[in-house]
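To start, the structure under review is shown below, and the notes come after it.
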Amino acid sequence: MVKRNKILFRNIDWRIVVLYMIMIFFGCMNLYSVSPEKAEKQLIWILLSFFFIFIIFLFKPIHYKHITPFLFLFTLFLLIGVFFFGKNVNGSKSWYVFGSISFQPSELAKISTSLMIAHIMSQENIENNNKALLYISIILVLPSFLILLQPDPGSSIVFSSFLLTLYREGLSISFILYFLFYILLFIVSINLSPWIVILFLFISFIFFFFFKKNLLFIDLFFYIFLFISFSVFSFFSPFVFQKFFKQHHKDRINILFQNEFDRKYRDNVGYNLLYSKTAIGSGKLFGKGYQKGTVTKGKFVPEQHTDYIFCTVGEEWGFIGSIILIIFYLLFISRIYFLSERQKNIFGRIFGYSVGNILFIHLVINLGMVMGLFPTIGIVLPFFSYGGSSLWSFTVLLFIFIRIDASDQTSLI
């Protein structure tokens, strides 16, 4: 037993562990600039996360395979239960609250869905396998739909990261392009008349047919179906946006196409974005210095400890510090991809890619939010933003993979 533990300890990828430690403590240090009280709580959650890491290493990879279906079902149960027993926070019924302790089941959903996708795909090849694709689609749609109903569109969007995992395992790039086009179509349709969008689609298809050579009848049928589906989606997008989105969600999307500096937006819906950009821009090249950020100290950005924590980095550490942090994240995520690619076991490879893709989506959307490229949808910056649920979920995801990778190095498969 002692010998096996020594081998396991030696096989741990310490580079990624060191990067993890640097990020969580640098994140806590920046959080201290925003709120010393919250930084103290975050430090407690960081210390508690070490306990979770210890528990993770007590299990073997085979155990995670066995418990995965039960954990996924338990997660669905919690996601349904939050509608009845959850607490409404910022317009979303997404939290269980037990005294001073709160828990967001959508964070657990990232873990259980990653494991479930790896479990299914390690047994089924998705290439030309409609049955496997159907199972995976159900696994992805169920938690993301329940989270969307809370409503928590930000956490729901994170599940799109699994498309990158599926692409690595053989899914056609067309699925991802269709998904991105539907998002673009939705955004355009809520800002322009759907009839204008449909007319543009019709003209585009006519030009496509005119220049397309050797068009078969089955191809013609497929493209007509695409045109009809795009048109229907475009026509109903404004209705869905108006009827099913909360007002604060609509405001956060609309502000992307307005000027947050305008007087009618600067004191309400555009307030966070205005001061986030102000904080980042005021840091210039080298920043104002640690704990010397005037926007941060003045507490001008209400959500600066969570969604907008990056503007603290921009203000106090400047462009150079921000770039260094982004490079750290990219090195960290790249290391996860590298370790995933070398896995002998398919389960480990797929789970590793899922972990890397979740972190990547969080990073891209969070940075886009604070710079006004994406709407504010509650996507935190991994290991930096305040919150026990998010910190623990990212830590558990990462160290389950590290545990799998360490065991994989001793495998003869």
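Considering (1) over 28 Å from Ile111 (Cα atoms); (2) assigned to a helix (DSSP H, G or I); (3) of a type in the set (Ser, Thr, Tyr), say which one Tyr353 fails and leave the rest.
Exception for Tyr353: condition (1).
Kindly indicate the residue of region 65-99 that is aromatic (Phe, Trp, Tyr) and surrounded by fewer than 14 Cβ atoms within 10 Å (Cβ to Cβ) and also modelled with the lowest pLDDT among those meeting that condition.
Phe98
Filtering region 368-401 down to residues that are of a type in the set (Ser, Thr, Tyr), at pLDDT 85 or above and assigned to a loop (DSSP other than H, G, I, E, B), which residue is farthest from Leu43 (Cα to Cα)?
To start, the set of residues in region 368-401 that are of a type in the set (Ser, Thr, Tyr) comprises 376, 385-386, 389-390, 393, 395.
Pick out the ones that are also at pLDDT 85 or above and you get 385-386, 389-390, 393, 395.
From the residues that got through so far, the ones that are assigned to a loop (DSSP other than H, G, I, E, B) too are 385-386.
Working: Ser385: 12, Tyr386: 10 Å.
Checked region 368-401; the qualifying residue farthest from Leu43 (Cα to Cα) is Ser385.
Looking only at region 339-379, count every residue that is aliphatic (A, V, I, L, M) and under 11 Å from the mean Cα position of the chain (by Cα) and tell me the total.
Step one: of region 339-379, the residues aliphatic (A, V, I, L, M) are 339, 346, 350, 355, 358-359, 361, 363-365, 367, 369-371, 373, 377, 379.
Now drop any that are not under 11 Å from the mean Cα position of the chain (by Cα), which leaves 355, 358-359, 361, 363-365, 377, 379.
Residues flagged as aliphatic (A, V, I, L, M) and under 11 Å from the mean Cα position of the chain (by Cα) within region 339-379 amount to 9.
Quick check on region 158-169. Is at least one of its residues of a type in the set (D, E, K, R), closer than 23 Å to Ser393 by Cα and surrounded by 14 or more Cβ atoms within 10 Å (Cβ to Cβ)?
Pass one, region 158-169, residues of a type in the set (D, E, K, R): 168-169.
Subsequent filtering for residues that are closer than 23 Å to Ser393 by Cα retains none.
Scanning region 158-169 turns up no residue that is of a type in the set (D, E, K, R), closer than 23 Å to Ser393 by Cα and surrounded by 14 or more Cβ atoms within 10 Å (Cβ to Cβ).
Residues Ile53, Ile46: which one is under 14 Å from Tyr386 (Cβ atoms), modelled with pLDDT of 90 or more and either touching a strand residue (DSSP E or B) at 6+ places or on another chain (Cβ under 9 Å) or surrounded by 16 or more Cβ atoms within 10 Å (Cβ to Cβ) (or both)?
Values: Ile53 fails: under 14 Å from Tyr386 (Cβ atoms).
Going through Ile53, Ile46 in turn, just one is under 14 Å from Tyr386 (Cβ atoms), modelled with pLDDT of 90 or more and either touching a strand residue (DSSP E or B) at 6+ places or on another chain (Cβ under 9 Å) or surrounded by 16 or more Cβ atoms within 10 Å (Cβ to Cβ) (or both): Ile46.
Take Leu115 and decide whether it is within 14 Å of Ser354 (Cα to Cα), under 15 Å from the mean Cα position of the chain (by Cα), buried (at least 17 other Cβ atoms within 10 Å of the Cβ) and aliphatic (A, V, I, L, M).
Considered against the rule, which asks whether it is within 14 Å of Ser354 (Cα to Cα), under 15 Å from the mean Cα position of the chain (by Cα), buried (at least 17 other Cβ atoms within 10 Å of the Cβ) and aliphatic (A, V, I, L, M), Leu115 comes out as no.
Residue under question is Leu363, and the condition is that it be open to solvent by less than 20 Å² (accessible area, probe 1.4 Å) and either in contact with a Cys (Cβ under 9 Å, 6 or more places away or on another chain) or part of a helix (DSSP H, G or I) (or both); does it hold? First the steps, then the outcome.
On the way: open to solvent by less than 20 Å² (accessible area, probe 1.4 Å): yes; either in contact with a Cys (Cβ under 9 Å, 6 or more places away or on another chain) or part of a helix (DSSP H, G or I) (or both): yes.
Here the answer is yes, as Leu363 does meet what is asked.
Against the condition over 27 Å from Gly298 (Cα atoms) and within 16 Å of the chain's Cα centre (by Cα), how does Leu331 come out, does it pass?
On the way: over 27 Å from Gly298 (Cα atoms): yes; within 16 Å of the chain's Cα centre (by Cα): no.
Against the criterion (over 27 Å from Gly298 (Cα atoms) and within 16 Å of the chain's Cα centre (by Cα)), Leu331 does not qualify.
Mind checking whether some residue in region 209-224 is modelled with pLDDT of 80 or more, out of contact with any Pro (no Cβ under 9 Å at 6 or more places or on another chain) and either part of a helix (DSSP H, G or I) or open to solvent by less than 80 Å² (accessible area, probe 1.4 Å) (or both)? Step through it out loud before you land on a result.
If we filter region 209-224 for residues that are modelled with pLDDT of 80 or more, which is where we start, we get 224.
Filter once more, keeping what is out of contact with any Pro (no Cβ under 9 Å at 6 or more places or on another chain): 224.
From the residues that got through so far, the ones that are either part of a helix (DSSP H, G or I) or open to solvent by less than 80 Å² (accessible area, probe 1.4 Å) (or both) too are 224.
Yes, some residue in region 209-224 is modelled with pLDDT of 80 or more, out of contact with any Pro (no Cβ under 9 Å at 6 or more places or on another chain) and either part of a helix (DSSP H, G or I) or open to solvent by less than 80 Å² (accessible area, probe 1.4 Å) (or both).
For region 160-174, give me each residue that is modelled with pLDDT under 80 and of a type in the set (A, V, I, L, M, F, W, C).
Within region 160-174, just Leu171 meets the criteria.
The values are calculated or read from the model by the stated rules, or taken from the named source; none is laboratory data. Every value quoted in this text rests on a predicted model; they were computed, and no experiment measured them. For neighbour counting, all protein chains shown are included, and Cβ atoms are generated from backbone atoms with ideal geometry for every residue, glycine included. Quick note on the areas: whole protein, heavy atoms, side chains included, nothing else; ligands and nucleic acids left out. Shrake-Rupley method; radii C 1.70, N 1.55, O 1.52, S 1.80 Å.
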